[in-house]
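> Please find one structure pasted underneath; my questions will follow.
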Amino acid sequence: MFDADLTACAGIVERGDPDRFAATMAAPVAARLKLFPIYAFNVEVARAPWVTQESMIAEMRLQWWRDVLEEIAKGGPVRRHEVATPLAGVLSPDMAQRLDAAVEARRWDIYRDPFEDRAAFREHLEKTSGLLLLAAAKALGQVEEAPVLKAGYALGVANWLRAVPALERAGRVPLVDGRGEAVRTLAEEGLTALREARKLGVPKPVRPAMLAVWQVEGLLRQVVREPSVVVEDRMALSPFRRRFGLMVKAVTGRW
């Protein structure tokens with residue numbers, strides 16, 4: 001049942017992450033109860049560096065969430081909060097400990113330094129998008145990590161490329177190499193990771209979490225065909241393709 005906290009989590013995701021909200025609403029109700037707190041946590045952490053111009057305050061906001069994860073990891077009392085409280089009910093201590101790396105990675109958003117190299121960029125996506133999808137999947141059942149992390153990386157590539165124009169307007173340097181051919185190569189890398197993930201597969205109970213990647217293939221293929229859609233902020237599927245694609249994947253269990 002959705003109590004006040006879960007309703008608040010759903011509202012946070014609906015406002016802050018419409019795509020994951022749509023994917024979660026396409027999942028069975030039992031899965032939504034576990035996914036919404038995790039995705040609400042992600043929204044809160046992702047926006048923490050952006051709600052203030054003061055780097056110290058942003059650091060403190062991220063540290064607050066690291067403290068929450070530490071409390072969950074230790075298995076003791078967890079502070080009362082509309083997201084932290086239900087989050088404690090769906091994360092294992094091990095997953096809470098590992099998600100600390102996802103929060104730490106968000107410090108990149110506070111400052112304006114570019115990524116050192118492609119390895120640093122890839123690690124950032126693995127720690128943020130990859131670990132988030134892993135947390136969602138593990139909340140639903142036992143699963144091998146490799147396919148989930150690969151799918152999470154592919155999702156991270158797609159979401160990052162969509163965010164490039166906004167990040168550049170905010171004074172960040174989002175890509176190690178912004179040339180069209182390099183962008184195409186990055187999209188191809190994401191597609192390869194998605195294909196590998198699908199080949200490995202995941203158990204049926206975990207598949208509702210994988211609905212989050214429903215747009216990835218279409219978006220990345222768009223970039224491979226025309227890398228300029230990224231810088232021109234035209235990277236998007238039509239409303240019909242979005243709705244129909246999600247409906248098909250929800251019904252068939254394919255992702």
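> Calculate the tail of P(r) for the stretch 1-113: the fraction of all Cα-Cα distances greater than 23 Å, expressed in %.
Considering the stretch 1-113, 28 percent of its Cα-Cα pairs are separated by more than 23 Å.
> Moving on. Heavy atoms of the protein only, probe of 1.4 Å, neighbouring chains included. What is the accessible area of Trp255 in Å², nearest 10?
Taking all protein chains as shown, Trp255 has close to 20 Å².
> Calculate, for the stretch 94-227, the solvent-accessible area per residue in square angstrom, rolling a 1.4 angstrom probe over the heavy atoms of the protein chains.
43
> Another question, if that's okay. Rounded to whole Å, give me the distance from the Cα center of the stretch 198-221 to that of the stretch 1-41.
18
> As a test of reading the structure, rank Met56, Met25, Met235 by solvent-accessible area (1.4 Å probe, protein chains only), most first.
Met56, Met25, Met235
> Right, another one. Using a 1.4 angstrom probe on heavy atoms only, work out the carbon and sulfur share of the accessible area of the stretch 124-201 in %.
Whole-percent figure for carbon plus sulfur exposure: 51.
> First obtain the Kirkwood hydrodynamic radius of the chain from its Cα pairs, then insert it into the Stokes-Einstein equation at 10 °C and 1.306 mPa s, and state the resulting D in µm² per second as a whole number.
86
> Give, in nm to one decimal, the length gained when the segment between Arg15 and Arg80 is fully stretched (0.36 nm per residue of separation minus the Cα-Cα distance).
Gain in length upon complete extension: 21.2 nm.
> Would you mind classifying the stretch 103-255 by shape? Square roots of the alpha carbon gyration tensor eigenvalues, ordered a ≥ b ≥ c; an a/c under 1.5 is rounded, otherwise it is prolate if a/b is larger than b/c and oblate if not.
oblate
> Compare Thr185, Thr128 by solvent-accessible area with a 1.4 Å probe and give them largest first, with all protein chains kept in place.
Highest to lowest solvent-accessible surface, that is Thr185, Thr128.
> Could you give the length gained on full extension between Val224 and Thr192, defined as 0.36 nm per residue of separation minus the Cα-Cα distance, in nm?
Extending this stretch completely gives an extra 10.3 nm.
> Can you put Lys34, Lys199 in order of accessible area, largest first, using a 1.4 Å probe?
Ranked from most to least accessible, the order is Lys199, Lys34.
> If exposed means no more than 14 neighbouring beta carbons inside 10 Å and the site is in a DSSP loop, what's the longest run of the chain without any exposed GluC sites (Glu not before Pro)?
Counting at most 14 other Cβ atoms within 10 Å as exposed, the longest clean stretch of the chain is 145-231.
> Taking a cut-off of 27 Å between Cα atoms, list the lysines near Lys204, but don't count ones fewer than 8 places away on the same chain.
Lys34, Lys127, Lys138, Lys150, Lys249
The values are calculated or read from the model by the stated rules, or taken from the named source; none is laboratory data. Just so it is clear, the model here is predicted, and its values are computed rather than measured. Note: ideal-geometry Cβ built from the backbone for every residue, glycine included; neighbour counts use all protein chains shown. Accessible surface is based on the protein model in full, side chains and every heavy atom, while ligands, DNA and RNA are left aside. Shrake-Rupley method; radii C 1.70, N 1.55, O 1.52, S 1.80 Å.
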